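Input: a single structure, listed below in structure tokens.
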Amino acid sequence: MKAGEYEVKTYSLAIRGWYRLIRGIIRFLLRLLSRLEVEGLEHIPDQGPYLLVTNHLHWLDPPVMLAVLPHRAYVFAAEKWERNLVLGPLFRSLDAIFVQRGEVDRKALRRALAVLRGGGVLGLAPEGTRSKTGALQQGRGGAAYLAYQAGVKLVPAVAVGQKHLFPSLWRFRRAKVRVVFGPPFEPPPVEGKVRAAHLHAFTEEIMYRLAAMLPPEYRGVYADVTEKRPDLVEFYEKNLPVKQAFHRKG
């Protein structure tokens, strides 16, 4: 095996051990402190590999997804947290993939591909970082690149309401936190080598799918989804019957 490569192994979807304990604690706290609603679990494949692509509006997004996803997932964490005295050991214990922001981190990409090629679940936000506007930012090419390289399906998921959790508790109320999973989809076939144009086009597809699943106020730079991709809006209205309630109450 060459230096820098990762041994090919099987990544189980089973939730066990320390991961199960942490997940259980988070689930308990979410149920206690919020009104958690989860829809679309029937869209999640029974087996891996797959790429879970999500919006990223709040620091609570990863814990919420960890708590509701019925499979063991591997996620990215900013390299700065690896040196944190509290979060560093916690993230390492959960096998988080530390990534250097603002550059192509080939070591992190190799680890991510190893998870997918080993049959596991990899979760990431295509935006690359938490939104500073409270709505979708411009998507980056990482998710599209991984999907093409590993040849895996993608499962879209959106969550809203997390930012209201703590302010609501100060008013002795429980905020509604809603998570919705959509049907899986795959990268379109490409003849020959996958090029930058293909990655850009598929990144836009991913982001517009997430936008179509979100309430209008969370769509951000993809607010034009109703004009540019009415097919996606119609698709999710048909395949996610809870979408209208999600938009009214999210």
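The values are calculated or read from the model by the stated rules, or taken from the named source; none is laboratory data. The shown structure was predicted, so the numbers you read here are calculated from the model rather than taken from an experiment. Counting neighbours? That spans all protein chains shown, and the Cβs are built from the backbone with ideal geometry, glycine included.
Odds and ends about this structure:
- Segment 133-162: number of residues that are charged (D, E, K, R) and either free of Cβ contacts under 8 Å to residues at least 12 places away in the same chain or assigned to a helix (DSSP H, G or I) (or both): 0
- Test: residue in segment 116-132 that is in a helix (DSSP H, G or I), surrounded by 15 or more Cβ atoms within 10 Å (Cβ to Cβ), of a type outside the set (K, R) and modelled with pLDDT of 90 or more: yes
- Subset tally (residues that are surrounded by fewer than 17 Cβ atoms within 10 Å (Cβ to Cβ), of a type in the set (A, V, I, L, M, F, W, C) and free of Cβ contacts under 8 Å to residues at least 40 places away in the same chain) for segment 31-78: 1
Table: residues versus (1) under 29 Å from Y218 (Cβ atoms); (2) modelled with pLDDT of 90 or more; (3) assigned to a helix (DSSP H, G or I).
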site: L21; (1), (2), (3): no, yes, yes
site: I25; (1), (2), (3): yes, yes, yes
site: L32; (1), (2), (3): yes, yes, yes
site: L36; (1), (2), (3): yes, yes, no
site: D46; (1), (2), (3): no, yes, no
site: Y74; (1), (2), (3): yes, yes, no
site: W81; (1), (2), (3): yes, no, yes
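- Matching residues in segment 9-25 - criterion: being among the basic types (K, R) and under 20 Å from A114 (Cβ atoms): K9, R16
- Residue in segment 164-186 that is surrounded by 14 or more Cβ atoms within 10 Å (Cβ to Cβ), assigned to a loop (DSSP other than H, G, I, E, B), of a type in the set (A, V, I, L, M) and over 18 Å from the mean Cα position of the chain (by Cα) present: no
- Residues in segment 193-236 that are surrounded by 14 or more Cβ atoms within 10 Å (Cβ to Cβ) and of a type in the set (D, E): E204, E205.
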